[in-house]
Amino acid sequence: MVNRDSILMRFLGWSGALASLAVIAAPGTAQVLFAQDILEQEDAAEVTATPGLQSNEIVQSDPFPAVQQWSLDQANALLAYVESVDAEGLVPGDYRPDLLSAEIANGESEALNTRASGVFAWLVEDLRDGRTPMESRRQWFVVDPDPDLLPVGPLLAEAMETGDIAGVLSSLNPAHADYAALRDALAETPESDTRRRQIIRANMDRWRWLPRDLGGQYLITNVPEYQLRLMVNDRIISTYRTIVGAPGRTATPQLMETVEGVVFNPTWTVPQSIVRGEGLGNRVLNNPQWARRNGYTATRGANGWITVVQQPGPSNSLGMMKLDMPNPHAIFLHDTPQRHLFDSDNRARSHGCIRVERALELAMTVAILGRGATRDEAVAISASGDYTRVPVERTMPVYITYFTMGLDAEGNLRSFDDIYNRDAPVLASLDAPRQGNRNRATSEEVIEIVEDARTTAS
């Protein structure tokens, strides 16, 4: 098989050169459409490119043209893949096998090259990125790097050089065990059970929204499952029950962030909604004994505003730790003194942040894996009672996901309650015509979570 790394390096090198040429392209020159756009206007808005330059300009050919030459054998292999793509939760009809078949019947031609290259590009986009358009992914703020890491051009070149059309396309499938389990479940579910098949397809597509390579070690939490997993080399090292945001504006968003440090014995700066709205500021200032007993300190600014900070200790609302993972949503993972809540069935009750059981164990593990502290150092820091931030040398990604069907901690395929009603728009998009030229990032509002670290529901 062709070395994919060498193809990608060629792509990256040439793309830089072509980008520099773009600035000297003559204005007003005619434009043509790429392959995915000349399929009889079947996809979304036009994508254009300048085909030629004036005679006094440097002309360099694209090493990965959007339209490649297809033999009949290659085109038939592509058609066979399209007709079997329902096994991956996609719809063969989206890729117009009837029109591809007609071009094959007409023999090798430019029309066949255009049709087959466009169909291949559509398949890459849907297998790599997911078929669901961004507007149907509610509160999904993950930006998938795969379009940059696995661009269509080099993949098409690899398929043409090797002739392994199905192999190149299949290599884009998510490698996670959950995807394989969902794929098997789809094959085993009768066509008559349309509801279950749609739920399976929706959750297969959600795996495509994430990077194909999640990393060597990472944390992943499935919000509706109320579970967090620590993964190392694709193996579950530990699982932790969680408490997540209550439905509504406090619902936990879906993110891909990075743990940059571990905070042992954190302080908690109390939100003004509590300081002013619930009178905590005045209570702390007017009742120093109560404040001291509960670990609160308060200062009044020149503008009259009161700032209240809860100091480290057993009653601190963030518990004994939090993971430092900067993001505009102000979402993080932390401990809680209300550990009895982990025994509840309904654990969607926070203000958005994720509370983790056995949080001190998690904090020490992350600090050690991240080479921020040895085991003995982590134990000593946590036992000191002093606020300490331990930066990690080896950062760790955190994936906050939303799956309503997947493998549980015991490896059994299960359904989970759709606590935020996020299935409906995904299911609707699967029934709608395929959209092309989809956005990679959401335009949804970023809701900064004001975590009051207390329970919002009984």
(request) Determine whether the stretch 405-413 contains at least one residue that is farther than 27 Å from A246 by Cα, under 19 Å from the mean Cα position of the chain (by Cα) and surrounded by 12 or more Cβ atoms within 10 Å (Cβ to Cβ). (result) no
(message) Taking the conditions exactly as written (hydrophobic (A, V, I, L, M, F, W, C), crowded, with 17+ Cβ neighbours inside 10 Å, at pLDDT 95 or above and in contact with a Pro (Cβ under 8 Å, 6 or more places away or on another chain)), does I381 satisfy them or not?
(response) no
(request) Starting from the stretch 306-330, take each residue that is free of Cβ contacts under 8 Å to residues at least 40 places away in the same chain and list its partners that are part of a loop (DSSP other than H, G, I, E, B) and crowded, with 18+ Cβ neighbours inside 10 Å, counting only C-beta distances under 7 angstrom and pairs at least six apart or across chains. (result) V308/V270
(message) Let me confirm something: among E377, E361, E410, E393, which residue is in contact (Cβ under 8 Å) with a residue 40 or more places away in the chain and among the acidic types (D, E)?
(response) E361
(message) Looking at N265, N294, N286, N316, can you tell me which residue is in contact with a Phe, Trp or Tyr (Cβ under 7 Å, 6 or more places away or on another chain) and at pLDDT below 95?
(response) N316
(request) Collect the residues in the stretch 399-422 that are farther than 17 Å from W207 by Cβ and in contact with a strand residue (DSSP E or B) (Cβ under 6 Å, 6 or more places away or on another chain), keeping them in residue-number order. (result) A409, I419
(request) Within the stretch 197-243, count every residue that is out of contact with any strand residue (DSSP E or B) (no Cβ under 9 Å at 6 or more places or on another chain), more than 24 Å from D146 (Cα to Cα) and basic (K, R). (result) 1
(message) Can you report the number of residues in the stretch 286-345 which are under 33 Å from the mean Cα position of the chain (by Cα) and among the polar types (S, T, N, Q)?
(response) 6
(message) Could you tell me how many of the residues in the stretch 240-252 are farther than 16 Å from L228 by Cβ and in contact (Cβ under 8 Å) with a residue 40 or more places away in the chain?
(response) 5
(request) For the stretch 98-135, enumerate the residues that are among the charged types (D, E, K, R) and either in a helix (DSSP H, G or I) or surrounded by 23 or more Cβ atoms within 10 Å (Cβ to Cβ) (or both). (result) D98, E103, E110, R115, E125, D126, R128, D129, R131, E135
(message) Just to verify a result, which residue in the stretch 133-170, among those that are among the hydroxyl-bearing types (S, T, Y) and assigned by TED's automatic domain parsing to the domain that holds S101, is farthest from N222 (Cα to Cα)?
(response) T162
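The values are calculated or read from the model by the stated rules, or taken from the named source; none is laboratory data. Quick caveat: nothing in here was measured; it's all calculated off a predicted structure. All Cβ positions, even for glycine, are placed from backbone atoms using ideal geometry, and neighbour counts span all protein chains on display.
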